[in-house]
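K.L.:
Mind looking over this structure? Questions follow.
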Amino acid sequence: MEIKTPTLLVDKVRCLKNIDRMVNKANASNATLRPHFKTHFSGEIGNWFKSKGVNSCTVSSVSMAQYFADHGWEDITIAFPYNLLEASEINELAKKVELNILIESEESLDHAKSHVTNPIGYFIKIDIGTHRTGIDPRNEQLIDKLVNKASEKHIFKGFLAHAGHTYGSTDYESVKWIYDKSVKDLVHLKETFEGVLSYGDTPSCSLVEDLSAFDELRPGNFVFYDWMQHYIGSCSAEDIAVCLACPVVAVHKNRNEVVVYGGGVHLSKDMIIEQDIMGKDRTCYGKMVRLENGGWNTEILGHVDRLSQEHGIIKLAENALAHVKVGDVIGILPVHSCLTADLQGFYLSTDGEKIEKMLKN
């Protein structure tokens, strides 16, 4: 397929290696791998997981659960707080698949019990430090109430947590500290109330060797990885399995910059703060690489310095700039592959095949 506009390339071989690595780690830890599919939301890529023996998945919305149910997934957890306004859709889906929802209040559970009449499981969402959603693990009075509200059709499954604050880490030690504290908080709840412990974030699950404290692991980003994960230390540049192909539309040699068709609506505006060769902080929205042989070379040629809606401005070294001209197509390793993937209408494999994905309404 000829590339004329920003197109997200996917390297299937790298994806399968990433899946293999996480499946093996889960097996070694005697844990179930329930990967989060919000990273790729593709029925075809979901099949790559099935080929490795993965039978359950995590999603972030009711519509995504419906999509993967339509693609043959029968054991699905919606890892987003129960939305009262979608009760009828949840009830209909619970008729077809084994479905789990997230609960963090009595109000939500009471509503689910009166509006979702088909059998459904629920996890109690625990806040282990991200401070986004979830119950403080010390609030055992509320937790006890939610556990004891279980019924024959509304089944308490256990406790679910996401250590999203590991994404702010820059080394193994800080990730491990967050992981150890999460283990302490969650294992105490299991000892007190029983149930399954479901835990997931890519930095922890990639960097911590022994994950046996948990019954279920839910990382998602690992299938693609990205430059942020490389920055944290979760992966090598060779593990990153997606690259945004972008046409070059302008070259400014006086500024050592090229402009590409590939802006915030293609990459997202997620960024990291890194240091340049002078030790000064700079903003990075992605790393430029050379496309070759249907894929890309992992040698870094420059960084995305600025973004507007459609434009990406890349700073290059002078020797690299000499080899770029208007009309070329270059590659960008995204800072956050989940958001970059979310913005695409489809993927293009490095074998030239179009890979369909879920399109949002």
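The values are calculated or read from the model by the stated rules, or taken from the named source; none is laboratory data. Quick caveat: nothing in here was measured; it's all calculated off a predicted structure. Note: ideal-geometry Cβ built from the backbone for every residue, glycine included; neighbour counts use all protein chains shown. With ligands, DNA and RNA removed, areas are computed over all heavy atoms of the protein, side chains included. Shrake-Rupley method; radii C 1.70, N 1.55, O 1.52, S 1.80 Å.
K.L.:
What about residue 182, is it touching a residue at least 12 places away in the same chain (Cβ under 8 Å), among the polar types (S, T, N, Q), farther than 14 Å from residue 102 by Cβ and touching a Phe, Trp or Tyr at 6+ places or on another chain (Cβ under 7 Å)? Step through it out loud before you land on a result.
P.N.:
Working: touching a residue at least 12 places away in the same chain (Cβ under 8 Å): yes; among the polar types (S, T, N, Q): yes; farther than 14 Å from residue 102 by Cβ: yes; touching a Phe, Trp or Tyr at 6+ places or on another chain (Cβ under 7 Å): yes.
So residue 182 fits the description; yes.
K.L.:
Next question. Please verify whether residue 49 is under 21 Å from residue 76 (Cβ atoms), aromatic (Phe, Trp, Tyr), part of a loop (DSSP other than H, G, I, E, B) and open to solvent by less than 20 Å² (accessible area, probe 1.4 Å), treating the condition exactly as stated.
P.N.:
No.
K.L.:
Within region 304-322, can one find any residue that is of a type in the set (Val, Ile, Thr), modelled with pLDDT of 95 or more, in contact with a strand residue (DSSP E or B) (Cβ under 7 Å, 6 or more places away or on another chain) and not in a strand (DSSP E or B)?
P.N.:
Here is the first cut: in region 304-322, the residues of a type in the set (Val, Ile, Thr) are 304, 313-314.
Adding the requirement that they be modelled with pLDDT of 95 or more leaves 304, 313-314.
Next cut, in contact with a strand residue (DSSP E or B) (Cβ under 7 Å, 6 or more places away or on another chain) only: 304, 313-314.
Checking the rest, the ones that are also not in a strand (DSSP E or B) come to none.
No; the residues of region 304-322 include none that is of a type in the set (Val, Ile, Thr), modelled with pLDDT of 95 or more, in contact with a strand residue (DSSP E or B) (Cβ under 7 Å, 6 or more places away or on another chain) and not in a strand (DSSP E or B).
K.L.:
State which residue pairs qualify: first residue under 11 Å from residue 326 (Cα atoms) and inside region 245-269, second residue among the charged types (D, E, K, R) and open to solvent by less than 60 Å² (accessible area, probe 1.4 Å) in any location, beta carbons under 6 Å apart, and separation of 6 or more residues or different chains.
P.N.:
Short answer, once both residue conditions are applied: 248/328.
K.L.:
Which condition does residue 319 not pass, out of (1) under 24 Å from the mean Cα position of the chain (by Cα); (2) over 21 Å from residue 40 (Cβ atoms); (3) open to solvent by 70 Å² or more (accessible area, probe 1.4 Å); (4) of a type outside the set (Lys, Arg), if it passes all the others?
P.N.:
(1)
K.L.:
Scan region 335-346 and tell me whether some residue there is buried (at least 16 other Cβ atoms within 10 Å of the Cβ), under 30 Å from residue 59 (Cβ atoms) and aromatic (Phe, Trp, Tyr).
P.N.:
no
K.L.:
Could I ask something else about it? Can you tell me which residue among 248, 242 is open to solvent by less than 10 Å² (accessible area, probe 1.4 Å), touching a Ser or Thr at 6+ places or on another chain (Cβ under 7 Å) and either of a type in the set (A, V, I, L, M) or over 20 Å from residue 171 (Cα atoms) (or both)? Spell out how you get there, then give the answer.
P.N.:
Values: 248 fails: touching a Ser or Thr at 6+ places or on another chain (Cβ under 7 Å).
Exactly one residue qualifies, and that residue is 242.
K.L.:
Just name the residue that is farthest from residue 200 (Cα to Cα) out of those in region 67-90 that are open to solvent by 30 Å² or more (accessible area, probe 1.4 Å) and in a helix (DSSP H, G or I). Working first, answer last.
P.N.:
Step one: list which residues in region 67-90 are open to solvent by 30 Å² or more (accessible area, probe 1.4 Å), which gives 67, 70-72, 74-75, 80-81, 83-86, 88-89.
This time we only want the ones that are in a helix (DSSP H, G or I), so: 67, 70, 84-86, 88-89.
Numbers: 67: 22, 70: 25, 84: 25, 85: 27, 86: 25, 88: 28, 89: 26 Å.
Out of the qualifying residues, it is 88.
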